[in-house]
Protein chains: 2
Amino acid sequence: MLKTRAEAFAPASIANLGVGFDILGLALDGAGDVVEAEWRDDGQIVIAEIRGDEGKLSHDPQKNIVGIAAQALLGQLHSKRGVTLRLKKGLPLSSGLGGSAASAVAAVMAVNGLLEKPLAREDLLAAALEGEAAVSGYHADNVAPSLFGGIILANGITIDRIHRLPVPSDLHLALVTPNVEVPTAQARAVLPSTVPLRQLVRQTGAVADLVDAIHCGDVVRMARAMEADEVIEPARAHLMPYIDEVRHEAKLNGALALVIGGAGPTLCAVCQRWDIAESVALAMRRVYDRHGLACQMRHTTVSAQGAQLLTTHL
Amino acid sequence: MLKTRAEAFAPASIANLGVGFDILGLALDGAGDVVEAEWRDDGQIVIAEIRGDEGKLSHDPQKNIVGIAAQALLGQLHSKRGVTLRLKKGLPLSSGLGGSAASAVAAVMAVNGLLEKPLAREDLLAAALEGEAAVSGYHADNVAPSLFGGIILANGITIDRIHRLPVPSDLHLALVTPNVEVPTAQARAVLPSTVPLRQLVRQTGAVADLVDAIHCGDVVRMARAMEADEVIEPARAHLMPYIDEVRHEAKLNGALALVIGGAGPTLCAVCQRWDIAESVALAMRRVYDRHGLACQMRHTTVSAQGAQLLTTHL
């Protein structure tokens, strides 16, 4: 029997992990977006409600990620039915926390929850990517972690190119999101169009080191490898207010490395213990406080689960 | 009590593994170089004999890899003693099989075998690199596999930058070395000096895939990732005679991928079974036979052991 209403949660995620630009990402425990989907008989996709976006997101289902993702999934199923969608943003917009990916993933998970025979999680990837693509282009480095959980190697946008890496048990993260906008397009525009061959070697070396360290559960080496990026973060750092100060304070308080979350402005410090991550998060916030810049902070670990169906109603 | 004479073997190795240019290498079971070292009281380094080089290598200890490596190790030990060295080349010169690295490693292993208190293997790396550097510059992607065995991530030339990856149990290699010279300097000169950012992303993605596949013991994925190199091998392929034909024949006979060994001209096919590797090696040789080009072929696996002390004499 068809359910009439389903609600799903998809977690925040951190893409890039420094040196893993456009290929690595991880899901964060805690915050995320929630989408509720309800069948409607008129075949329309309707976005009935958006909360937590400060009125910034479009309710047009052709323009809003959740509408596009839901439409893509229904199209994939050759369904003629429509859905009413309600989006609760738990993540700030353009923050580097994978908010658009979380919305897209929550939308497809919710619509999938309505189905008599729900698809396997793997089969939801393409539709979620359609939603994400409307904002950020076809990248799976936020969508795949948000959907599947864990640390993800997304070496393409099809399921055979996506691999889940093991999660080191003592990996803790401290995050701050200052209240500034860093549009993804701008963060991409500042990147070099070419890199010297020597940097390619060092960058591939650092990525290899990172993946090996993840498999070995070696957070210290992982952190060092993440921060070894010589191409992306140096080009973007000037877009991130007070990043040097934040990195300095984070390390003084025990962080092993600090990287930009996605295209920023979220900064993500890698720590080995929960209590260290907590004090690092506080120390990072104090930097912004000193400069009179509002920010959100959190300390968390990797979400092993990824997106979850919360409730369904018959 | 000091030994008077020691003999050591160091295996061939394949550097790069396609996409892992300058950072990955593996040791090969079977062929390699042998160095015999004998104390001498006059403080001199003397290369008394070289076999298997067709007379091409210098006997000058300042110019020959084994002399330089032995000198580096004695210098590291602040020893005033000299050694007589005898080198038996089991590997062709400039072949892409890590012959110079094997010579350097065998030399330091042999001299180390003379010591009352031999150094740990890790402490021999620097001296072996000194020898290798005389020919190829400071790269550890042949020296480290030859010294330690296994599949090595050499993300630098110090021991803390060198990591051993697990060896997939069903990894078999078919190798052909055509009788042409491809000097390493030429093979480096044809490389692009810069690469587009997009290629950097694909290259880092492929390297990450390769390291993950190695950890997962997935030879099929490993092979695909190795061959995904878009930067190095395409630029060098024209230096490798009949490479397209060899690749075609290798795959027809069951090989999963074909990469250039180091700077070539050795070509290395990745296979999943011993018998497949054998027939692939034969098929590859037939290509050179057809074109009247002499070649050596072998099929083998990864050497887990690395260099070995063969004998010592009191």
Give just the number: which of (1) in contact (Cβ under 8 Å) with a residue 60 or more places away in the chain; (2) more than 18 Å from B:Arg298 (Cβ to Cβ) does B:Gly262 not satisfy?
(2)
Out of the residues in the stretch B:170-206 meeting the condition of being within 14 Å of chain A (Cβ to nearest Cβ) and touching a Ser or Thr at 6+ places or on another chain (Cβ under 7 Å), tell me which one is nearest to B:Ala269 (Cα to Cα).
B:Gln203
Selection within the stretch A:191-228 - touching a residue at least 12 places away in the same chain (Cβ under 8 Å) and among the β-branched types (Val, Ile, Thr):
A:Val195, A:Val207, A:Val211, A:Ile214, A:Val219, A:Val220
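Quick check: is even one residue across the stretch A:200-223 of a type in the set (D, E, K, R) and modelled with pLDDT under 95?
No, that holds for no residue.
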When B:Asp209 is evaluated against the numbered criteria (1) surrounded by fewer than 24 Cβ atoms within 10 Å (Cβ to Cβ); (2) within 8 Å of chain A (Cβ to nearest Cβ), which criterion, by number, is the only one it fails?
(1)
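Can you go through A:Val105, A:Val135 and tell me which one is among the aliphatic types (A, V, I, L, M), under 15 Å from the mean Cα position of the chain (by Cα) and modelled with pLDDT under 95?
Matching residue, one of A:Val105, A:Val135: A:Val135.
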Residues of the stretch A:38-72 being among the charged types (D, E, K, R) and over 15 Å from A:Leu114 (Cβ atoms), which ones?
A:Asp42, A:Glu49, A:Arg51, A:Asp53, A:Glu54, A:Lys56, A:Asp60, A:Lys63
Wholly enclosed strands (runs of 3 or more DSSP E) of the stretch B:8-127 bearing at least 3 residues basic (Lys, Arg) and surrounded by fewer than 23 Cβ atoms within 10 Å (Cβ to Cβ)
none
Taking interchain pairs and intrachain pairs at least six residues apart, which have beta carbon atoms under 8 angstrom, with the first residue in the stretch A:121-138 and in contact (Cβ under 8 Å) with a residue 12 or more places away in the chain and the second buried (at least 19 other Cβ atoms within 10 Å of the Cβ) and of a type in the set (D, E, K, R)?
A:Tyr138/A:Glu132
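The values are calculated or read from the model by the stated rules, or taken from the named source; none is laboratory data. Values in this document were obtained by computation on a predicted structure and should not be read as measured data. All Cβ positions, even for glycine, are placed from backbone atoms using ideal geometry, and neighbour counts span all protein chains on display.
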